[in-house]
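Colleague: What follows is a structure written as structure tokens; I'll ask about it next.
Rule-based calculations on the coordinates, nothing more; no lab input. Because the structure is predicted, anything quoted here is derived from the model rather than measured. So basically every Cβ, Gly included, is an ideal-geometry build from the backbone, and we count neighbours across all protein chains shown.
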Number of protein chains: 2
Amino acid sequence: MKKLSADDIEKKLLRFPDWEYYDNAIHAEFEFDNFKDCFSAMSRIAFECEALNHHPEWSNVYNVLTISLSTHDAGGVTNKDFKLAEAIENIVEPDEE
Amino acid sequence: MKKLSADDIEKKLLRFPDWEYYDNAIHAEFEFDNFKDCFSAMSRIAFECEALNHHPEWSNVYNVLTISLSTHDAGGVTNKDFKLAEAIENIVEPDEE
């Protein structure tokens, strides 16, 4: 899995308006109605992570979920990160599909 | 729920060797065998949080879970935080009971 260039990442991010690229990773923050809704989304995301064998750096405070994606072995952002970002979007904002 | 003094917190922490007090909160880091084990513990902790109506600031990277507890309304650490810390310990390290 090859590290993508900053240009490639910015081009791909046009399809991912919730995500930003900095510090060699892509980042997003999602807000839910409450903790239960937030953790339910996290559970669904956790299954995707296992299926893709790719795992985020993520934090939660009550109804807010912060996610950073990068590919450790490649030293930056790869297509694996965008695959997981897409899976996350489908879980978090299915209406925007 | 009253904010505990630093002295009270340090005394209580004698029973919680995994936890440290700084930045007006108590903090712990737990390591698991893998992501699945880590997220399973997080799920069990999430149910306790809902039951206690008290929620952590927590982060996960693969097999590592970092948790910070404080009581926002009290502006510091209260007995609520120790109640949740105890519930977390019972989930994460049941053998140490």
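Colleague: Give, as a single signed number, the net charge of other residues whose beta carbon lies under 12 Å from the beta carbon of residue B:61, with Lys and Arg counted +1 and Asp and Glu -1.
Modeller: Numbers: positive: none; negative: A:57, B:29, B:31.
Spelling it out: positives minus negatives among the neighbours equals -3.
Colleague: Still on this structure, please answer the following. Among the lysines, select those whose C-alpha is under 30 Å from the C-alpha of residue B:11, and discard any that sit fewer than 8 residues away in the same chain.
Modeller: Result set, ordered by chain and number: B:2, B:3, B:80, B:83.
Colleague: Let me ask something else. Cα atoms only, region B:31-77: Rg and Dmax in Å?
Modeller: 11.9, 36
Colleague: Work out the P(r) tail for chain A: percent of alpha carbon pairs separated by more than 19 Å, whole number. Let's see the in-between values first.
Modeller: On the way: 1747 of 4656 pairs.
Value for chain A (Cα pairs over 19 Å): 38 percent.
Colleague: How about region B:51-91: which GluC sites (Glu not before Pro) there are in a DSSP loop, with at most 16 other Cβ atoms within 10 Å of their Cβ? Write down the numbers at each step before the final one.
Modeller: Values: sites: B:57, B:86, B:89; in loops: none.
Listed in order of number, the matching sites amount to none.
Colleague: With charges set only on the Cβ (+1 for Lys and Arg, -1 for Asp and Glu), what does the dipole of chain B come to about its Cα centre, in debye to the nearest 20?
Modeller: Numbers: 9 positive and 21 negative charges, 89 e Å.
For chain B, the charge dipole is close to 420 debye.
Colleague: Counting only helical runs of four or more DSSP H residues, what would the 222 nm mean residue ellipticity of chain A come to if each run contributes -39,500 (n - 2.57) and the total is spread over all its residues?
Modeller: Numbers: 3 runs with 40 residues, N = 97.
Dividing the helical sum by the residues of chain A leaves -13000 deg cm²/dmol.
Colleague: Now, a different point. In chain B, what residue has the beta-carbon at the shortest distance from the axis of the rotation relating B to A, and what is that distance in angstrom, rounded to the whole number?
Modeller: That would be B:59, 2, residue then distance in Å.
Colleague: For region B:1-46, just list the percent of Cα-Cα distances falling in each 5 Å bin from zero outward, please.
Modeller: 5, 17, 22, 17, 16, 13, 8, 2
Colleague: Given the convex hull of the Cα atoms of the protein assembly as shown, what is a quarter of its surface area in nm²?
Modeller: Working: hull surface 47.3 nm².
Averaged projected hull area, Cα only: 11.8 nm².
Colleague: Kindly express, to the nearest 10 degrees and within the range 0 to 90, the angle between helix B:35-52's C-alpha long axis and the longest C-alpha principal axis of chain B.
Modeller: The two axes meet at around 40 degrees.
Colleague: Once you charge only the Cβ atoms, +1 for Lys and Arg and -1 for Asp and Glu, what is the size of the charge dipole of the protein assembly as shown about its Cα centre, to the nearest 20 debye?
Modeller: On the way: 18 positive and 42 negative charges, 2 e Å.
With only Lys, Arg, Asp and Glu charged at Cβ, the dipole is about 0 debye.
Colleague: Using the alpha-carbon atoms, what tilt in degrees (0 to 90, nearest 10) does helix A:79-92 show relative to the longest principal axis of chain A?
Modeller: Orientation of helix A:79-92: about 20 degrees from the principal axis.
Colleague: One decimal, nm, shortest first: give the distances between the label point of residue B:74 and those of the same position in the other copies, each label point 7 Å from Cα along Cα→Cβ.
Modeller: Reported distances to equivalent positions: 4.7 nm.
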